[in-house]
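Colleague: I am attaching a structure below and will ask some questions about it afterwards.
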Amino acid sequence: MTKLKEETNKFNFEYWFVDDGSKDRTYSILKELQKEHSDEVHFISFSRNFGKESALYAGLNEVTGDYTAVMDVDLQDPPEMLPEMFDMLEEGEYDCVGTARADRDGENKIISFFSNSFYKVINKMSQTKIIPGARDYRLMTKQMVDAIKSMTEYNRFSKGIFSWVGFKTKYLPYKNRERSAGSTSWNFWKLLKYAVTGIVDFSEGPLMFATWMGTIFSLTSIVAIIAIIIRKFVNPLSSVNGWASMVSLILLIGGIQLLCIGILGEYIGKIFLEVKKRPIYIVKDKK
């Protein structure tokens, strides 16, 4: 970051770190760093872990500069890209310069498959389009940051929010690289939950699926009933056979009904969290 500051010496920098309820020495290190560089370095420490989305939103709520860069501290987001990003924003053509992975080298193959599938699904189901492989790492103008801060929803999906607010964005590809330290806490199930949040927050597609499935099976059952009645009139001595297929059909329809109830429950659960108006995060310390 010192090298970056020297390369872009026409700017004044401030750094905001967000400690998301860490259990290691992060909090004490940030306090020491802030004492040494009190004019530039600031931090927020949460009372507990509130998640990545809350941490990102908390940081954006504190910044005041003309440009704001969002990045992880594990150095998977290359800081050396920032000078190029600054230059592109200075030209005035774009409001945001974001980044997207050019590959997923080193990532679990199963997670890579589902990640790629997620982008295809959400872009088909939602009017808010997300670039495949898009990262939160980006540089934004104050106008765009203010627009994001105005979105105070409890259930947050930043990739969708960045796209939903609009503003002209240029994406720069870069090769995936290893973390400088530590290991990720994002496992398959956390990523799946995050993906569901993104789809529910920015698409009515699952609700439409429930509606269409209900319509299809209702029409199918009406046609089947009419066919049975006609058959009985044509051949009064005929019997209606096929108990095994009927039981299978009942189980199929029952499973689809439970799936649709689950979809409704997911949306109702999100509404439940929103209407309680709980804070998105709670600050234990800020300097």
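Colleague: With everything on Cα atoms, drop me the angle between helix 205-234 and the longest principal axis of the chain, reported from 0 to 90° to the nearest 10.
Modeller: Orientation of helix 205-234: about 10 degrees from the principal axis.
Colleague: Mean residue ellipticity at 222 nm from the helices of the chain, using -39,500 (n - 2.57) per DSSP H segment of n ≥ 4 over the full residue count, to the nearest 500 deg cm²/dmol?
Modeller: Counting only the DSSP helices, I get -16500 deg cm²/dmol.
Colleague: Cα convex hull of the chain: mean projected area in nm², to one decimal?
Modeller: 20.2
Colleague: How would you rank 55-61, 86-92, 165-171, 220-226, highest first, on the average number of other Cβ atoms within 10 Å across their residues?
Modeller: Averaged packing, sorted descending, gives the order 55-61, 165-171, 86-92, 220-226.
Colleague: For 286, 159, which order do you get if you count the other beta carbons within 10 Å of each Cβ and list the fewest first?
Modeller: Least to most surrounded, the residues fall as 286, 159.
Colleague: Residue separation times 0.36 nm, minus the C-alpha to C-alpha distance between residue 226 and residue 252: what's the value?
Modeller: Answer, rounded to one decimal: 7.3 nm.
Colleague: For a Förster distance of 35 Å, can you work out the FRET efficiency between the beta-carbons of residue 73 and residue 213, rounded to the nearest 0.05?
Modeller: For R0 = 35 Å, the calculated efficiency reads 0.20.
Colleague: On a full-extension model of 0.36 nm per residue, what is the gain between residue 152 and residue 121, subtracting their alpha-carbon distance, rounded to one decimal in nm?
Modeller: Result: 8.6 nm gained on full extension.
Colleague: Mind giving me the nanometre distance, one decimal, between the label points for residue 267 and residue 23, set 7 Å out from Cα along Cα→Cβ?
Modeller: Using points 7 Å along Cα→Cβ, the separation is 3.8 nm.
Colleague: Now for a different question. Calculate one ³J(HN,Hα) per residue across the stretch 61-70 by plugging θ = phi - 60° into the Karplus curve 6.51 cos²θ - 1.76 cosθ + 1.60, and present them in order as whole Hz with x for glycine and proline.
Modeller: 5, 9, 6, 10, x, 5, 10, 10, 9, 10
Colleague: Enumerate the amide H contacts of residue 138 below 5 Å, restricted to partners 5 or more residues apart or on another chain; note that Pro and chain-start residues carry no placed amide H.
Modeller: Residues meeting the amide H criterion: 70.
Colleague: Round to the nearest 10 and give me the degree value, 0 to 90, for the angle of helix 109-125's Cα axis relative to the longest principal axis of the chain.
Modeller: Orientation of helix 109-125: about 70 degrees from the principal axis.
Colleague: Follow-up. If the cut-off is a Cα-Cα distance under 17 Å, which lysines reach residue 175, setting aside same-chain residues fewer than 8 apart in sequence?
Modeller: Qualifying lysines at Cα under 17 Å: 109.
Colleague: Which angle between 0 and 90 degrees, to the nearest 10, do you get for helix 26-36 versus the longest principal axis of the chain when only C-alpha atoms count?
Modeller: So the helix axis and the longest Cα principal axis differ by about 30 degrees.
Colleague: Starting from the Cα of residue 102, move 7 Å in the Cα-to-Cβ direction to define the label point; list residues of the stretch 116-158 whose amide nitrogen is under 20 Å from there.
Modeller: 116, 131-139
Colleague: Excluding residue 64 itself, what net charge comes from residues whose Cβ is under 10 Å from its Cβ, given Lys and Arg +1 and Asp and Glu -1?
Modeller: It works out to a net charge of -2.
Colleague: Across bins of 5 angstrom width beginning at 0, how are the C-alpha pair distances of the stretch 49-102 distributed, in whole percent?
Modeller: Bin by bin from 0 Å, the calculated values are 4, 15, 23, 24, 22, 9, 2, 1.
Colleague: Hey, another quick one. At a Förster radius of 22 Å, what calculated FRET efficiency corresponds to the Cβ-Cβ distance of residue 142 and residue 31, to the nearest 0.05?
Modeller: 0.20
Colleague: Give the lysines whose C-alpha is closer than 27 Å to that of residue 168, dropping any in the same chain fewer than 8 places away, or say none.
Modeller: Straight-line reach from residue 168, under 27 Å: 5, 10, 52, 120, 124, 129, 142, 149, 159.
Colleague: Can you list residues from other chains, or at least 5 along the same chain, whose modelled amide H is less than 5 Å from the amide H of residue 285?
Modeller: 45
A short reminder: the numbers here are calculations on the coordinates, not readings from a lab. Treat the numbers as computed from the prediction; the structure is a model and nothing was measured. Glycine gets a Cβ as well: all are built from the backbone with ideal geometry, and neighbour counts include every protein chain shown.
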